[in-house]
Every structure is written in structure tokens, then in C-alpha cells.
Amino acid sequence: MKIDGSYTMNGPREQVYETLSDPQALRGCLPGCERFEEIGEGRWETTLKAGVAGIRGEFTGTVTLADQKPPESYTLSVEGNFKGGFVKGVGNISLEENGDKTTVKYSGDGQVSGPLASVGQRLMTPGVKMVANQFFRCLEGKVGSQAPASAERGA
């Protein structure tokens, strides 16, 4: 399943990038996130409760930010399991400055198995886009209000 889109946020690119890569902001904005624990540099173990098209369940897995090029881009990968299936995906996030706003562009490819696969791309794609917009709206509310991750670590 391929997915792409964009979301324009109020705020300078550097601030938006900091927020998009801040674990506290990610934890607070991932819909259904119940656990988001760091297990390595740029890598978190997570538990999410989510559903698409009437299929609900608990997802456990890892989220990784790689190839980070602040404040321009990074690669996001997700891998995990849920009852009767798995999900695996890789996406590219890039940020373009537009005056006092920043456009976040995302594109990725994912695979699902089990009950979610039976829903099909026809229903999955709109569901994923809806969750992505919800996620970015939440993050936009945190731009500028989050303490930079590097400051929290004492760097």
C-alpha cells in the first residue's frame, strides 16, 4: 500500500522539525498510543490501540527515525504485530519552508497482513490519510510549545 500527502503547519521549519522528531510530541500525538519507550537512539517500542473499518486491535512494535537531516528530512519506519497479522512500513518525511509556514510532505509504502489486509487498499488509504491529518494537526499545536529534545537530554 502506497501513501503520500502533505500538511502545512504554522511555524518555521527548524521548529517544526524539532517537534516532528521530539519523543514527547510523538507520544502525545500518535492516535491510540499507550506506550512509547526509547530503546535506542531514534528508536522506540510502542503499543497502540487502533482500528480501521470496524477492525480494532492492539499493535505492538517499533518506530524508528533514521537518515535524519535536520531540518530537512528523515525516514520513518514502523514494524509490528497485532492479533493475527503484522504491519511494516517505511516513509520519507521532508519539510519545505514557505515564509512563516512549513509544508510537511510524506510518502511511504506499507504492508499489512491478517484482518487488516482483508479491508483492502480502498478502505485503508483513506483511513491512513485521516489518521495522518489528525497526527499532524496535533503536532502543529505543539510547535513552539515543546522543549527541544536536545535540551531535555542536557546536550
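The values are calculated or read from the model by the stated rules, or taken from the named source; none is laboratory data. Bear in mind the structure is a predicted one, so any value in this text is a computation, not a measurement. Every residue, glycine as well, gets a Cβ built from its backbone with ideal geometry; the counts of neighbours run over all protein chains shown.
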Close pairs from the stretch 65-82: first closer than 13 Å to ARG43 by Cα and free of Cβ contacts under 8 Å to residues at least 24 places away in the same chain, partner surrounded by fewer than 14 Cβ atoms within 10 Å (Cβ to Cβ) and of a type outside the set (Asp, Glu), Cβ under 6 Å, at least 6 apart: THR75/ALA66
I'd like the full set of residues that are under 24 Å from THR125 (Cβ atoms) and either surrounded by fewer than 15 Cβ atoms within 10 Å (Cβ to Cβ) or hydroxyl-bearing (Ser, Thr, Tyr) (or both), limited to the stretch 39-57. THR46, LYS49, GLY51, GLY54, ARG56
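Residue by residue, here is whether (1) modelled with pLDDT of 70 or more; (2) among the polar types (S, T, N, Q) holds:
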site	(1), (2)
LYS129	yes, no
GLN134	yes, yes
GLU140	yes, no
ALA151	no, no
ALA155	no, no
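Could you tell me which of the residues GLY99, GLY120, GLY85 is modelled with pLDDT under 95 and crowded, with 16+ Cβ neighbours inside 10 Å? Talk me through it step by step, then tell me what you get.
Values: GLY99 fails: crowded, with 16+ Cβ neighbours inside 10 Å; GLY120 fails: crowded, with 16+ Cβ neighbours inside 10 Å.
When all the criteria are applied, what remains is GLY85.
Check VAL63, VAL90, VAL78, VAL112 and return the single one that is out of contact with any Cys (no Cβ under 8 Å at 6 or more places or on another chain), crowded, with 16+ Cβ neighbours inside 10 Å and over 21 Å from TYR7 (Cβ atoms). Can you show your working first?
Values: VAL63 fails: over 21 Å from TYR7 (Cβ atoms); VAL90 fails: over 21 Å from TYR7 (Cβ atoms); VAL78 fails: over 21 Å from TYR7 (Cβ atoms).
Just one listed residue meets the conditions, VAL112.
Across the stretch 79-88, which residue is nearest to VAL112 (Cα to Cα) among those that are assigned to a strand (DSSP E or B) and of a type in the set (Gly, Ala, Ser)? I'd like the intermediate steps shown before the answer.
Of the stretch 79-88, the ones assigned to a strand (DSSP E or B) are 79-82, 85-88.
Next cut, of a type in the set (Gly, Ala, Ser) only: 80, 85.
Details: GLY80: 10, GLY85: 7 Å.
Filtering first and then ranking leaves GLY85.
Being part of a strand (DSSP E or B) and over 21 Å from VAL16 (Cα atoms) is the filter here, so list the residues in the stretch 103-121 that pass it.
So in the stretch 103-121, the residues part of a strand (DSSP E or B) come out as 103-112.
ASP109, GLY110, GLN111, VAL112, listed by residue number.
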Scan the stretch 89-102 and tell me whether some residue there is within 20 Å of GLY141 (Cα to Cα) and assigned to a helix (DSSP H, G or I). no
The stretch 15-78: strands (runs of 3 or more DSSP E) wholly inside it with 3 or more residues that are touching a Lys or Arg at 6+ places or on another chain (Cβ under 8 Å) and modelled with pLDDT under 95 are 55-69
